[in-house]
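The values are calculated or read from the model by the stated rules, or taken from the named source; none is laboratory data. Note that the coordinates shown come from a computational prediction; the quantities given were computed from them, not determined experimentally. Cβ sites come from the backbone with ideal geometry, for glycine too, and all protein chains shown count toward neighbours. Note: accessible area is taken over every heavy atom of the protein model, side chains too, but ligands, DNA and RNA are not part of it. Shrake-Rupley method; radii C 1.70, N 1.55, O 1.52, S 1.80 Å.
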Amino acid sequence: RRSSDLISKEGKKSAVKSDPKQHLKIIQDPEYKRFGCTVDMNTALATFIPHSNGPAAIDECCNWFRKRLEELNAEKCRQINYHQEQAASCVLGNVTYERLAGHGPKLGPITKKDPIVTRYFTYWFKEMTLEEEEAMMHDPDKACHFLAHNGWVMGDDPLRNFAEAGSNVYLRRELIAWGDSVKLRYGDKREDCPYLWEHMKKYTEITAKYFHGVRLDNCHSTPIHVAEEMLAAARSVRPNLYVIAELFTGSEYIDNVFVNRLGITSLIREAMSAYN
């Protein structure tokens, strides 16, 4: 009904030319709430223009608008099904390796200590039900204490931050998580999180003061612009700092990007993954 009223109102105005570069698309709700997504009605009104102000013409426009919304929803449904299939595949792969594979740890029965899937998030609150966790996730004062574990993603682009908005790594269960560390949100620049940048800069300077070399553990999972900034701080204290990096990008080209931008002295390789 609201769409019909808007189309009818717009139809009484002068004709609006639609921008061929503007296409109706779903605007994702930032909190991913059910029924929280929207579309840009200005784009819709500029796209679905009735040829007259008669009820039949307006109903026709509404029907085309509804059809397009159903197509967009169907595409989203296909995407989610694809993510769910990948998540199920990753869970099965994880269970097979941890409990059945001859070369795996063979953890045995599923227990609280050894759950069926690796924990992806941690928090300092007491154990809660799923409903209680969901309620806290939408409380800004509490949600900031939910931390995402760090790790690595097989076959992923090492120059991409897999924890940023737009990444589906956690949803698809593709992360091989480390339960003893969490992902820090540095942002794109110092101004995005001044305290974290300054805190880690001081830590890096203290490390360089007392040690002649540093190891960049899982170097490819550290945002490269952050590593550049911290190594610059370290070299301001010890110019001849020896930098050894654990780097498994799977690409000699990307390896060279890290080596040249960070000034890496030598690399750590897995014996079965080395080039020569």
(request) Using only Cα atoms, find the angle between the long axis of helix 55-95 and the longest principal axis of the chain, and express it within 0 to 90 degrees, rounded to the nearest 10. (result) 20 degrees
(message) Just to be sure I follow the definition: excluding the sites themselves, where is the longest run in the chain that has none of the GluC sites (Glu not before Pro) in a DSSP loop with at most 16 other Cβ atoms within 10 Å?
(response) 165-269
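Run lengths n ≥ 4 of DSSP H only: what is the helix-derived mean residue ellipticity at 222 nm for the chain, with -39500 (n - 2.57) per run over all residues, to the nearest 500?
Estimated from H runs of four or more residues: -13000 deg cm²/dmol.
Rg over Rh of segment 187-255, using C-alpha atoms and the Kirkwood radius, what does it come to? Spell out each step's value before the answer.
Details: Rg = 12.7 Å, Rh = 12.8 Å.
Rg/Rh for segment 187-255 comes to 0.99.
Going by accessible area, probe 1.4 Å, with all protein chains left in place, what is the ranking of 180, 141, 217, largest first?
Working: 180 140, 141 115, 217 90 Å².
Final ranking, largest accessible area leading: 180, 141, 217.
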(message) Modelling each spin label as a point 7 Å along the Cα-to-Cβ direction, I'd like the residue 152/residue 237 distance in nm, to one decimal.
(response) 2.6 nm
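Treat segment 14-116 as a sphere of radius equal to its Kirkwood radius over Cα pairs and apply Stokes-Einstein at 10 °C in a medium of 1.306 mPa s; give the translational diffusion coefficient in µm²/s, rounded to a whole number. Write down the numbers at each step before the final one.
Numbers: Rh = 18.0 Å.
Estimated diffusion coefficient is 88 µm²/s.
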(message) As an exercise, use a Förster radius of 30 Å and the Cβ-Cβ distance of residue 122 and residue 27 to find the FRET efficiency, rounded to the nearest 0.05.
(response) 0.45
(request) Please determine, in degrees from 0 to 90 and to the nearest 10, the orientation of helix 252-262 with respect to the longest principal axis defined by the Cα atoms of the chain, where the helix direction is its Cα long axis. (result) 70 degrees
(request) Please name which of 83, 56, 144 has its Cα lying farthest along the dipole of the chain towards the positive end, using unit charges on Cβ (Lys, Arg +1; Asp, Glu -1) and the Cα centre as origin. (result) 56
(message) Treating only the Cβ of Lys, Arg, Asp and Glu as charged (+1, +1, -1, -1), what charge dipole size does segment 21-76 show about its Cα centre? Round to the nearest 20 debye.
(response) 120 debye
(request) Take a quick pass over segment 20-90 and tell me how many lysine pairs come in under 20 angstrom between Cα atoms, counting only ones 8 or more apart or on separate chains. (result) 5
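Accessible area per residue for the chain in Å², computed with a 1.4 Å probe and the full protein assembly in place, what is it? Before the final figure, lay out the partial values.
Numbers: 19060 Å² over 276 residues.
Result: 69 Å² of accessible area for each residue.
With Rg and the Kirkwood Rh both taken from Cα atoms, where does Rg over Rh land for the chain? Can you show the working numbers first?
Values: Rg = 25.6 Å, Rh = 23.5 Å.
For the chain, the value is 1.09.
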(request) Sticking to Cα atoms, compute the Rg of segment 124-172 to one decimal and its Dmax as the biggest Cα-Cα distance, whole number, in Å. (result) 13.7, 36
(message) With +1 on the Cβ of every Lys and Arg and -1 on the Cβ of every Asp and Glu, and nothing else charged, how large is the dipole of the chain about its Cα centre, in debye rounded to the nearest 20?
(response) 240 debye
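Please give the length that would be gained between residue 224 and residue 191 if that part of the chain were fully extended, namely 0.36 nm times their separation in residues minus their C-alpha to C-alpha distance (nm, one decimal).
Values: separation 33, 0.36 × 33 = 11.88 nm, distance 1.66 nm.
The residue 224-residue 191 span can extend by a further 10.2 nm.
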(request) Can you figure out the FRET efficiency of residue 73 with residue 101, using R₀ = 45 Å and their beta-carbon distance, to the nearest 0.05? (result) 0.65
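Semi-axes of the equivalent ellipsoid of segment 72-182: what are they in whole Å, largest first, if each equals the square root of 5 times a C-alpha gyration tensor eigenvalue?
Numbers: eigenvalues 111, 91, 48 Å².
Its equivalent ellipsoid spans semi-axes of 24, 21, 16 Å.
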(request) Could you work out how far helix 194-210 tilts from the main Cα principal axis of the chain, as a 0 to 90 degree angle to the nearest 10? (result) 20 degrees
(message) Eigenvalues of the Cα gyration tensor times 5, then square-rooted: what semi-axes does that give for segment 149-276, in whole angstrom, largest first?
(response) 24, 20, 12
(request) Within segment 134-221, report the trypsin sites (Lys or Arg not before Pro) that DSSP leaves as loop and that have at most 15 other Cβ atoms within 10 Å. (result) 160, 185, 189
(request) List the chymotrypsin sites (Phe, Trp or Tyr not before Pro) within segment 174-264 that fall in a DSSP loop (any state other than H, G, I, E or B) and whose Cβ has at most 16 other Cβ atoms within 10 Å. (result) 211
(request) Distance between Cα centroids, segment 104-144 to segment 167-222: provide it in whole Å. (result) 22 Å
(request) Positive end of the charge dipole of the chain (Lys, Arg +1 and Asp, Glu -1 on Cβ, about the Cα centre): tell me which of 176, 100, 161 has its Cα farthest that way. (result) 161
(request) Grab the beta carbon distance between residue 84 and residue 51, set R0 = 41 Å, and tell me the FRET efficiency rounded to 0.05. (result) 0.45
(message) Given a 1.4 angstrom probe, I'd like the percentage of the accessible area of segment 150-263 that is carbon and sulfur, rounded to a whole number.
(response) 54 percent
